[in-house]
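Here the structure comes first, spelled out in structure tokens, and everything after it is commentary.
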Amino acid sequence: MFKVYLVLAVQAMGLRGTSVMASSEDYLAYVLDLLSEVPDISHRKMMGEYVLYAQGKVFGGIYDDRFLVKPTNAAKCLLPDADYQLPYEGAKPLLAVDSEDKLCLAELVAAMLPELPGSKKRK
């Protein structure tokens, strides 16, 4: 019922086209299987979407059942034809991943890690 009210509120505000669909657990399982060659992979559910971590560093996420990664220099080099997509309204664009090659994805994440900041310590 809440989702119906949310959709109506979004439409009333004139934000048609704004997504309110959460990512599915099935798609999460699919992406985690694709990333099975990546060591120390984890995820965290946030507002219906999933943030993806490798070795404690955020490298991407799943947004509206789309696998997106941060546009690091390594990612742009290894995914030269990838589309930039907004994970949600007001966010910075991320690169859409369209590969099902587990070894290439492991190489992608490994190449991205040195460019990503470490996790922030919570107080």
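Structural remarks
- Check on residue 28, at pLDDT 90 or above and touching a helix residue (DSSP H, G or I) at 6+ places or on another chain (Cβ under 7 Å): no
- Reported count of residues in the range 67-90, each being surrounded by fewer than 17 Cβ atoms within 10 Å (Cβ to Cβ) and either of a type in the set (Asp, Glu) or touching an Asp or Glu at 6+ places or on another chain (Cβ under 8 Å) (or both), is 5.
- Among all residues of the range 78-90, there is at least one that is closer than 19 Å to residue 21 by Cα, over 12 Å from the mean Cα position of the chain (by Cα) and among the acidic types (Asp, Glu).
- Residues in the range 40-57 that are open to solvent by less than 20 Å² (accessible area, probe 1.4 Å) and small (Gly, Ala, Ser): 48, 54.
- Failed item in (1) under 15 Å from the mean Cα position of the chain (by Cα); (2) surrounded by fewer than 19 Cβ atoms within 10 Å (Cβ to Cβ); (3) small (Gly, Ala, Ser), with residue 60 passing the rest: (2)
- Strands (runs of 3 or more DSSP E) within the range 33-123 that include 2 or more residues without any contact (Cβ under 8 Å) to a residue 12 or more places away in the chain: 41-46
- Unique residue being at pLDDT 95 or above and touching a His at 6+ places or on another chain (Cβ under 9 Å) when the list is 69, 97, 51, 58: 51
- Identity of the residue in the range 91-105, over 15 Å from the mean Cα position of the chain (by Cα) and hydrophobic (A, V, I, L, M, F, W, C), that ends up least open to solvent (accessible area, probe 1.4 Å): 104
- Every residue from the range 69-82 that is among the aliphatic types (A, V, I, L, M) and more than 12 Å from residue 108 (Cα to Cα): 82
The values are calculated or read from the model by the stated rules, or taken from the named source; none is laboratory data. Note that the structure is a prediction, hence the values are computed from the model and not measured. Every residue, glycine as well, gets a Cβ built from its backbone with ideal geometry; the counts of neighbours run over all protein chains shown. Accessible surface areas use protein heavy atoms only, side chains included; no ligands, DNA or RNA. Shrake-Rupley method; radii C 1.70, N 1.55, O 1.52, S 1.80 Å.
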